[in-house]
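Beneath this line is the structure, given in structure tokens, with notes to follow.
The values are calculated or read from the model by the stated rules, or taken from the named source; none is laboratory data. Everything quoted here is computed from the prediction, not taken from an experiment. Cβ coordinates were reconstructed from backbone atoms using ideal geometry, including for glycine residues, and neighbour counts include every protein chain displayed.
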Amino acid sequence: MSLARNTLVQATLTLGSRVLGFARDLFLSARFGQGPMMDAFTTALMLPNMFRRLFAEGAFAQAFVPIYGGVRAREGEAAAAVTASEALSFIFAVVAGFCILLQLAMPWIMPWLLSAWRDDAGVMRAAVTAAQLTMPYLACMTIASLLSGVLNTGGRFALSAGVPVFLNLCTLVPLMAPSFV
């Protein structure tokens, strides 16, 4: 596969993701409006996205890909598979433990993050619940990041570049559905 083709695939899918992300934000705003529930929702998503940059796409990905690629080049596919499996086990255990800790601590963390609505028990309850429900996204994205590194090292770019498109579509579908409430 040529550099130009890989670049075109990556750029096209990234552009698609950005356009669908913009549409997602428009539909979120239309569904929730501007106010406490939208603040609760965006704050709940802020935490796993912030830590995703650290665990999944930050230091871990930058350390894993060169090690995996080196093992694959020197020792072959079988040794690289063992390296990926060990890395997956380790990072998943760390991130899952971290997610559980954050979920348990969320009632104490959320009033600091969503201080404008600190005195509104209903908004706080919704924000805490939403944040607790969104934290597993961090573990899933960490696994996806590791698997993307494996695919990219093998010269397969389309699947890892297409995942954000799929995520935005999965978010858009329920937002576009008629409200029955």
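Side notes on the structure shown:
- Residue list for region 62-83, restricted to those being charged (D, E, K, R), more than 12 Å from THR153 (Cα to Cα) and exposed (fewer than 12 other Cβ atoms within 10 Å of the Cβ): ARG74
- Among all positions in region 151-166, there is at least one residue which is at pLDDT below 90, in contact with a Lys or Arg (Cβ under 7 Å, 6 or more places away or on another chain) and within 30 Å of GLY76 (Cα to Cα).
- Subset tally (residues that are assigned to a loop (DSSP other than H, G, I, E, B) and without any contact (Cβ under 8 Å) to a residue 60 or more places away in the chain) for region 155-175: 1
- Every test in (1) surrounded by 18 or more Cβ atoms within 10 Å (Cβ to Cβ); (2) closer than 23 Å to MET141 by Cβ; (3) not hydrophobic (A, V, I, L, M, F, W, C) is passed by PRO36 save one, and that test is (2).
- Per this entry, THR142 is counted among residues that are within 13 Å of the chain's Cα centre (by Cα), under 28 Å from CYS99 (Cβ atoms) and either of a type in the set (S, T, N, Q) or surrounded by fewer than 18 Cβ atoms within 10 Å (Cβ to Cβ) (or both).
- GLU86 within 22 Å of the chain's Cα centre (by Cα), surrounded by 14 or more Cβ atoms within 10 Å (Cβ to Cβ) and among the charged types (D, E, K, R): no
- Selection status of ALA127, buried (at least 17 other Cβ atoms within 10 Å of the Cβ), modelled with pLDDT of 90 or more and either more than 21 Å from PHE60 (Cα to Cα) or of a type outside the set (A, V, I, L, M, F, W, C) (or both): yes
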